[in-house]
Amino acid sequence: MQIVHFSQQMQAGPFSGGFQAAVVRILITGIAVFLAVATVPGLEANSFGSGLAAVLVLTILNLILRPILFVLTLPLIVLTLGLFLVVLNALLLEFTAYLVKGFTVSGFWPAVGGALVISVITTVLNMMTADRRHIEVRTDEPRQ
């Protein structure tokens, strides 16, 4: 009989765990937002400070508001085979522009383009920084 055991390497450090994960998430979102501002026409940040504020606000909105909106719009997400998630991300990006002075989104389609760029970049960077779990397969004899 094969028994599969999941184990994870623990890092001993003062900033491992929650704080480190939060900083990595903010950095990934920051890279994605600044790349979206640089590549998508219609997304603008007047200064580095307004771009940084947009990153922090978008990260907080993704942590707090996105799960609530996801549950509320789940029938639309299922009906559109997940494409409504792009609209949801675009709405969060427009709400970020509404909250942050100096960060502007000039319409719905630039918001959709920015949401697509941010989604792709964050997905790729999250895959690269993902926590790798080790799987051990041991064959143990059953006890008598």
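The values are calculated or read from the model by the stated rules, or taken from the named source; none is laboratory data. Just so it is clear, the structure is predicted and the values come from calculations on it, not from any experiment. For neighbour counting, all protein chains shown are included, and Cβ atoms are generated from backbone atoms with ideal geometry for every residue, glycine included. Heavy atoms of the whole protein, side chains included, go into the accessibility calculation; ligands, DNA and RNA do not. Shrake-Rupley method; radii C 1.70, N 1.55, O 1.52, S 1.80 Å.
Going 7 Å from the Cα of I31 toward and past its Cβ, which residues in the range 63-89 have a backbone nitrogen under 18 Å from where you end up? Nothing falls inside the zone, counting backbone N under 18 Å. When the P(r) of the range 54-106 is calculated, the portion above 19 Å amounts to 30% of the C-alpha pairs.
In this structure, S119 and N46 have a Cβ-Cβ separation that, at R0 = 30 Å, corresponds to a calculated FRET efficiency of about 0.80. What the range 55-134 shows is 62 Å² of accessible area per residue, with the surface traced by a 1.4 Å probe over protein heavy atoms. Annotation: V71 carries an accessible surface of approximately 100 Å², with a 1.4 Å probe and no ligand, DNA or RNA atoms counted.
Can you tell me the alpha carbon radius of gyration of the range 62-137 divided by the globular rule-of-thumb value 2.2 N^0.38 Å?
Output field value: 1.34.
A 1.4 Å probe, protein heavy atoms only, puts the accessible area of I31 near 90 Å². Once R0 is set to 30 Å, what does the formula 1/(1 + (r/R0)^6) return for the Cβ-Cβ distance between V78 and V23, expressed as a FRET efficiency to the nearest 0.05? It comes to 0.35.
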